[in-house]
Amino acid sequence: MSESATGEPVNAGAVADSGTGVDPSMLLSLRGVTKHFGAVQALRQVDLDVPAGQVTALVGDNGAGKSTLIKAVAGIWEPSSGTMYWQGKKIDIHTPKEAALLGIATVYQDLALCDNLDIVANMYLGFESTKKHVLDEITMEKRTQQTLKDLSVTTVHSVRQLVASLSGGQRQSVAVARAVMRDAKLVIMDEPTAALGVSQTAQVLALIKTLASRGIGVLVISHNLNDVFEVADRVAVMYLGTLVSSGPVANYTMSSTVELITTGVVSRAA
């Protein structure tokens, strides 16, 4: 069972399925997920719930297992053991394509954008819209404009700009908009504000809040606890491959979170 930062069990008030122990209202649930690479155990019996319409922040020091966990969810690495549930139903994800078909989109730090293509081409890369065997440029452009507008992305002057000309915050916006346009139900973001300036960081945090307000689940990996406490509804802390605590952000303070990240436990005085 997950615990709050004070070490007390967290009771979200939801009813779990008696057979699986999984709350069917959760978008994604992991139970006992373990991953090892030879003798190295990267994940140890991880239990995690990610609800729709909320931001869940996954925090931990380098080597805590955060990236391994999201890659297991994204279909890059299959867990060695454990079970994943999607909207209460047991699933097996073997490839990134299978994850995408479920509605899981991952935005990595490198963003996977092509600098030499414009925004429209990047949004539709690999999923181009055609009309009579010819690229339907008008439809793609209009839908790109509408998606960016729906996400309140106002700093992009033209969807025909080359991605190479965009700022870091604008690139993040394009990568996230691409996921939303492909009907993502869960967007996983790996260090979305890393190396961004103050104004660009504010832009990305606003985008994260917009995603949650649209009913999309957001799982964010971040080392920046100021960002975490600004946008997160829930916090999950990893330590040496183990999920040591998870629950509503109200159960955590900055100091207790740091203590969990660095020691895996929190003192009663915190």
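The values are calculated or read from the model by the stated rules, or taken from the named source; none is laboratory data. Keep in mind it's a predicted model, so treat the numbers as computed, not measured. Positions of Cβ are backbone-derived with ideal geometry, glycine not excepted, and every protein chain shown enters the neighbour counts.
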Just to verify a result, which residue in the range 179-203, among those that are among the β-branched types (Val, Ile, Thr) and over 21 Å from Ser29 (Cβ atoms), is surrounded by the most Cβ atoms within 10 Å (Cβ to Cβ)? Thr193
Counting only residues that are more than 24 Å from the chain's Cα centre (by Cα), closer than 28 Å to Lys209 by Cβ and part of a loop (DSSP other than H, G, I, E, B), how many does the range 126-159 have? 3
Condition set polar (S, T, N, Q) and outside any strand (DSSP E or B), scope the range 15-47, selection modelled with the highest pLDDT: answer is Ser25
Expected output for the range 149-164 (first residue at negative phi, partner in a loop (DSSP other than H, G, I, E, B) and modelled with pLDDT of 90 or more, Cβ below 6 Å, 6+ apart or cross-chain) is Val163/Leu113; Val163/Asp115; Ala164/Asp115
Determine whether the range 150-157 contains at least one residue that is at pLDDT 95 or above and not charged (D, E, K, R). no
Quick one: would you say Met123 is surrounded by 14 or more Cβ atoms within 10 Å (Cβ to Cβ), touching a Ser or Thr at 6+ places or on another chain (Cβ under 6 Å) and free of Cβ contacts under 8 Å to residues at least 24 places away in the same chain? no
Output the residue which, of all residues in the range 70-96 that are in a strand (DSSP E or B) and without any contact (Cβ under 8 Å) to a residue 40 or more places away in the chain, is surrounded by the fewest Cβ atoms within 10 Å (Cβ to Cβ). Lys89
Being acidic (Asp, Glu) and over 20 Å from the mean Cα position of the chain (by Cα) is true for just one of Glu191, Glu259. Which residue is that? Glu259
If Ala250 meets every condition in (1) touching a helix residue (DSSP H, G or I) at 6+ places or on another chain (Cβ under 7 Å); (2) farther than 30 Å from Gln170 by Cα; (3) outside any strand (DSSP E or B); (4) of a type outside the set (Asp, Glu) apart from one, which number is that one? (1)
In the range 58-67, what residues are outside any loop (DSSP other than H, G, I, E, B) and at pLDDT 95 or above? Leu58, Val59, Lys66
Working carefully through the options Ala12, Ala105, find the one that is of a type outside the set (S, T, N, Q), more than 29 Å from Ser167 (Cα to Cα) and either modelled with pLDDT under 95 or in a strand (DSSP E or B) (or both). Ala12
Hey, any hits in the range 102-113 for a residue that's touching a strand residue (DSSP E or B) at 6+ places or on another chain (Cβ under 6 Å), farther than 17 Å from Ile208 by Cα and acidic (Asp, Glu)? no
Does Met140 meet the test of being out of contact with any strand residue (DSSP E or B) (no Cβ under 8 Å at 6 or more places or on another chain) and modelled with pLDDT of 95 or more? yes
